[in-house]
Amino acid sequence: MSRPRSIPEKEAIERSLRLFWEKGYNRTSIADLSEAIGVGPSSIYNAFGSKHELFEKAITQYMSTHADFVGELFARSERMNATEFIGELLSKLVALYTDKSTPPGCAMMQAGGTGVANDSQACAVTLAIKLNLESALHDFFKAKLADGEELSSSPKILAKFIVGTIRGLSQLACDGSSRKDLLAVADHAATSCSQPV
């Protein structure tokens with residue numbers, strides 16, 4: 001498959017990502033992408049196939065670059081209790097959501113919108129990632145429970161609670177909340193996962 005000649009493919013995808021991040025999938029047109037990348041619309045189709053395929057590549061790149069710490073954190077989660085793990089996860093996400101060098105919030109949450117997979121192609125892409133995250137959190141809490149850690153609720157409810165918190169932190173960042181306030185929310189959510197001693 002050909003790709004835009006003017007800039008490397010990774011940079012073209014990054015520019016597209018930031019546009020989707022800022023405007024959302026539905027409000028980003030091929031003309032917008034063409035201007036951001038610096039190539040004609042036909043070059044975008046030739047290189048990426050469609051707006052949806054470019055969006056998929058952009059979200060994949062976001063997860064493997066900007067949000068790569070999520071997988072790394074899960075890889076060492078066995079050595080952490082629930083409060084430590086969730087605290088570090090949420091604080092790192094807050095740092096990402098409030099980074100002045102990128103649009104506010106989570107690219108995946110803001111670009112894909114909300115809804116079920118049938119609502120739009122963008123929802124289908126991002127919902128699959130959210131469900132994978134929820135599943136990974138469920139497995140984490142289930143493992144902590146099996147290790148004898150006292151949790152404040154069931155693994156299922158805690159997993160949904162943390163995904164809901166992540167979505168809320170993203171939106172609060174977009175609404176202009178300070179990093180200090182978001183970190184306080186993250187800390188409260190983390191400590192809420194364990195039963196008080």
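The values are calculated or read from the model by the stated rules, or taken from the named source; none is laboratory data. Just so it is clear, the model here is predicted, and its values are computed rather than measured. Quick reminder, even Gly has a Cβ in these numbers, built from the backbone with ideal geometry, and neighbours come from all protein chains shown. Ligands, DNA and RNA are excluded from the accessible area calculation, which covers all protein heavy atoms including side chains. Shrake-Rupley method; radii C 1.70, N 1.55, O 1.52, S 1.80 Å.
Classify segment 1-155 as rounded, prolate or oblate, taking a ≥ b ≥ c as the square roots of the eigenvalues of its Cα gyration tensor: rounded when a/c is under 1.5, otherwise prolate if a/b is larger than b/c and oblate if not. Write out the running numbers ahead of the final one.
Numbers: a/c = 2.65, a/b = 2.23, b/c = 1.19.
Prolate.
Would you kindly find the accessible area of Leu183, with a 1.4 Å probe and non-protein molecules such as ligands, DNA and RNA excluded, rounding to the nearest 10 Å²?
70 Å²
Averaged across orientations, what area in nm² does the convex hull of the alpha carbons in segment 5-46 project?
Average of the hull's projected areas for segment 5-46 equals 2.6 nm².
Can you give the extra length, in nm with one decimal, that the chain gains between His188 and Gln121 once fully stretched, where that is 0.36 nm per residue apart less the Cα-Cα distance? Working shown, then result.
Values: separation 67, 0.36 × 67 = 24.12 nm, distance 3.44 nm.
Between His188 and Gln121, full extension yields an extra 20.7 nm.
For Lys23, go through the lysines and keep the ones whose alpha-carbon is under 30 Å away, minus same-chain ones fewer than eight residues off.
Partners found: Lys10, Lys51, Lys57, Lys92, Lys100, Lys130, Lys160, Lys180.
Work out the FRET efficiency for Arg179 and Lys156 from their Cβ-Cβ distance, taking R0 = 30 Å, and round it to the nearest 0.05. List each step's numbers first, then the result.
Values: r = 30 Å, r/R0 = 1.01.
FRET efficiency, Arg179 to Lys156: 0.50.
Given the DSSP H assignment, sum -39500 (n - 2.57) over each helix run of at least 4 residues in the chain and divide by its residue total; what's the result at 222 nm in deg cm²/dmol, nearest 500?
Calculated from helices alone, the mean residue ellipticity at 222 nm is -21500 deg cm²/dmol.
Which helices, counted as full DSSP H runs in the chain, have an axial Cα extent of no less than 27 Å and a Kyte-Doolittle average of 0.0 or above?
Working: long enough: 121-146 (38 Å, 0.62); 155-174 (29 Å, 0.92).
Going by DSSP H runs, the hits are 121-146, 155-174.
Just grab the label-to-label distance for Thr60 and Glu11, each label 7 Å out from Cα along the Cβ direction, in nm (one decimal).
Here the answer is 2.2 nm between the modelled labels.
For segment 35-85 and segment 142-190, what is the centre-to-centre distance using only Cα atoms, to the nearest Å?
22 Å
Looking at the square roots a ≥ b ≥ c of the eigenvalues of the Cα gyration tensor of segment 81-189, which shape do they give, rounded for a/c under 1.5, prolate if a/b is larger than b/c, or oblate?
Working: a/c = 2.52, a/b = 1.23, b/c = 2.05.
Here segment 81-189 falls in the oblate category.
R0 = 30 Å: FRET efficiency of Ala75 with Arg167, Cβ-based, nearest 0.05?
Efficiency, from the Cβ-Cβ distance: 0.80.
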